[in-house]
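For reference, the structure discussed in these notes is given below.
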Amino acid sequence: MVREKIVVKDLNLWFGENHVLKGINISIPEKAVTAVMGPSGCGKSSFLRCLNRMNDLIDTARVTGKVLIDGRNIYDDAVDVSLLRRRVGMVFQRPNPFPKSVFDNVAYGLRIHGVRNKGELRERVEEALKDANLWDEVKDRLFGSALELSGGQQQRLCIARALAVRPEIILLDEPASALDPISTAKLEELIEKLKEDYTIVIVTHNIQQAARISDYAAFLMLGELVEFGRTQEIFTAPKDKRTESYLTGRFG
Amino acid sequence: MRRFKQFVGFVVLKTSVVVGVLFLFSLIVVIALNGARVLSPEFLLEFPREGMTGGGIFPAIVGTFLLSLGAVGFALPLGVLGAIYLREYAGGGRLVRAIRTGINTLSGVPSVVFGLFGLAVFVKLFGFGVSVLSGSLTLGILILPVIIRSTEEAIEAVPREFREASYALGATKWQTVKGVVLPAALPGILTGAILGVGRAAGETAPILFTAATFYTRHLPGSPFDEVMALPYHIYALMTEGTEPEHQVPIAYGTALVLLLLVLAVNFIAIVIRYRARRARKW
């Protein structure tokens with residue numbers, strides 16, 4: 001039996017009057033890749049941002065329900081958002097390295113959380129870059145600007161930046177949507193490797209990608225969770241008519 | 001007929017540009033021609049002599065440097081911190097909008113009003129006297145709106161993605177501002193500061209009652225000494241002199257030095273902005 005890392009209970013999200021997520025219930029298993037699919041505007045990115053409370057940054061956002069990580073509700077008043085986001089890393093749609101050196105990008109999170117020792121910084125930056133399959137490509141240009149890297153390298157750098165603070169969960173918000181096919185392949189290979197150590201939730205509207213890399217898949221439509229289960233089952237025998245329509249390309 | 005109207009319109013527009021440019025250009029030429037006659041290394045490096053009818057303008061150059069740097073030294077930290085607060089923490093309430101409007105209005109207030117304010121507050125109330133300190137503070141207040149506005153604009157231009165990335169790593173707001181927003185906004189802030197220097201260097205009215213003196217035999221030894229300054233020097237030479245045939249050329253020379261100084265400062269600002277634009281790839 002798989003352990004459930006994230007349990008979402010009756011989650012609702014509003015942006016102002018706009019009811020974006022409607023009563024979501026889902027249990028995301030540990031050390032596996034869970035894909036969240038759905039047509040544009042179905043709320044899948046907003047859902048992802050509920051898992052590390054990034055929606056807090058939007059003034060009009062309002063959340064009800066619970067998100068339990070290891071049994072603890074992250075929306076409890078006592079929760080330190082900074083520590084939560086350290087445990088739940090995030091990588092965005094468009095690669096967004098800081099306009100700093102490769103090294104400083106990866107070290108940023110470490111410094112924020114109080115790592116000052118130079119030797120330790122260097123070790124953990126190297127470790128994170130190796131884990132993100134980027135070390136060999138950047139080891140000779142650690143102090144060059146991160147903006148000089150290719151798009152695919154930048155995205156893996158963003159993953160390294162997230163890995164450096166040793167999170168338990170990694171949220172990926174359409175991480176390949178701005179990448180070419182070869183970079184995408186490298187990224188998927190990396191995700192495959194990372195799931196041995198991390199719980200991964202990836203939002204994608206690329207159905208093939210979800211099929212390739214995920215162990216579990218959720219299908220969201222108009223803010224509702226239509227179906228959730230093992231990827232294989234969802235793709236071969238969807239229980240809901242809407243899921244089937246979506247997967248066969250009836251709408252997208 | 002329509003073609004004719006178009007032709008007339010064209011000519012009118014074109015003439016306006018030509019006349020405008022002509023005035024600007026002739027300003028530079030007149031100052032340069034009249035000023036170049038007295039310009040020499042000695043003019044830049046010597047004290048005035050013979051009751052302001054000979055010698056150089058060295059103390060006025062030094063004075064203007066001190067006043068402008070003092071003004072920026074005071075206005076830059078205050079303006080940048082204020083802008084950070086306004087942009088990042090204050091939100092968008094009515095009070096904040098009123099403050100912002102107030103700041104923008106402040107930049108339209110005639111500079112002689114700042115001079116009177118400086119006289120009342122810094123010279124008299126705080127007892128700093130007519131001094132470098134009083135003049136710097138007065139000029140600082142004058143350029144504060146410039147610095148606040150350019151800083152706000154620079155902060156606003158930092159892409160949201162950078163902030164998000166920082167927050168997603170668990171950074172607090174202040175860590176994000178300090179570690180990501182400010183470094184990315186730095187070129188814009190610097191540009192504003194340098195333009196502020198240029199503005200402060202050229203102002204006469206604010207230092208008229210607060211800092212400037214027609215003649216001192218010494219460079220200021222402390223912030224509480226009065227100083228000579230380029231713009232005031234021109235004003236004094238043209239109004240207080242008894243030998244205009246010697247003094248007017250010196251005034252033109254001083255004007256040329258001031259003009260070159262301000263142009264140089266603006267040029268530096270342009271270079272910084274240009275290089276920052278080229279370097280950024282977001």
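The values are calculated or read from the model by the stated rules, or taken from the named source; none is laboratory data. The structure presented is a predicted model; accordingly, all values stated were derived computationally and were not measured. Heads up, the Cβs are rebuilt from the backbone with ideal geometry, glycines too, and the neighbour counts pull from every protein chain shown. These accessible areas exclude ligands, DNA and RNA; they are computed on the full protein's heavy atoms, side chains included. Shrake-Rupley method; radii C 1.70, N 1.55, O 1.52, S 1.80 Å.
Data table
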{"quantity": "Verdict on A:Val91 being within 9 Å of chain B (Cβ to nearest Cβ), within 30 Å of A:His205 (Cα to Cα), among the hydrophobic types (A, V, I, L, M, F, W, C) and open to solvent by 10 Å² or more (accessible area, probe 1.4 Å)", "calculated": "no"}
{"quantity": "B:Ser111 being at pLDDT 95 or above and either open to solvent by 20 Å² or more (accessible area, probe 1.4 Å) or within 18 Å of B:Arg199 (Cβ to Cβ) (or both)", "calculated": "no"}
{"quantity": "Of residues in segment B:154-163 being out of contact with any Lys or Arg (no Cβ under 8 Å at 6 or more places or on another chain) and surrounded by 18 or more Cβ atoms within 10 Å (Cβ to Cβ), the one farthest from A:Arg53 (Cα to Cα)", "calculated": "B:Ala154"}
{"quantity": "Among the residues listed as A:Leu157, A:Leu220, A:Leu147, A:Leu187, the single one being part of a helix (DSSP H, G or I), more than 20 Å from A:Arg124 (Cα to Cα) and open to solvent by less than 10 Å² (accessible area, probe 1.4 Å)", "calculated": "A:Leu187"}
{"quantity": "Subset of segment B:158-184 (residues that are more than 7 Å from chain A (Cβ to nearest Cβ) and in a loop (DSSP other than H, G, I, E, B))", "calculated": "B:Val158, B:Pro159"}
{"quantity": "Sole residue being modelled with pLDDT of 90 or more, under 30 Å from B:Pro183 (Cβ atoms), out of contact with any Asp or Glu (no Cβ under 7 Å at 6 or more places or on another chain) and surrounded by 14 or more Cβ atoms within 10 Å (Cβ to Cβ), chosen from B:Leu261, B:Leu230, B:Leu256", "calculated": "B:Leu261"}
{"quantity": "Test: residue in segment A:56-66 that is open to solvent by less than 50 Å² (accessible area, probe 1.4 Å) and either under 30 Å from A:Lys193 (Cβ atoms) or not in a strand (DSSP E or B) (or both)", "calculated": "no"}
{"quantity": "Residue satisfying condition, being more than 14 Å from every other protein chain (Cβ to nearest Cβ), among the hydrophobic types (A, V, I, L, M, F, W, C), on the phi < 0 side of the Ramachandran plot and open to solvent by 10 Å² or more (accessible area, probe 1.4 Å), within set B:Leu142, B:Leu190", "calculated": "B:Leu190"}
{"quantity": "Within segment A:36-80, tally of residues that are closer than 20 Å to B:Ala168 by Cβ, hydroxyl-bearing (Ser, Thr, Tyr) and in contact with an Asp or Glu (Cβ under 8 Å, 6 or more places away or on another chain)", "calculated": "1"}
{"quantity": "In segment B:2-49, residue surrounded by the most Cβ atoms within 10 Å (Cβ to Cβ) [restricted to those that are part of a loop (DSSP other than H, G, I, E, B) and in contact with a helix residue (DSSP H, G or I) (Cβ under 8 Å, 6 or more places away or on another chain)]", "calculated": "B:Val38"}
{"quantity": "Evaluation of A:Asp70 against (1) more than 10 Å from chain B (Cβ to nearest Cβ); (2) surrounded by fewer than 16 Cβ atoms within 10 Å (Cβ to Cβ); (3) farther than 16 Å from A:Ile170 by Cα (one fails), failing number", "calculated": "(3)"}
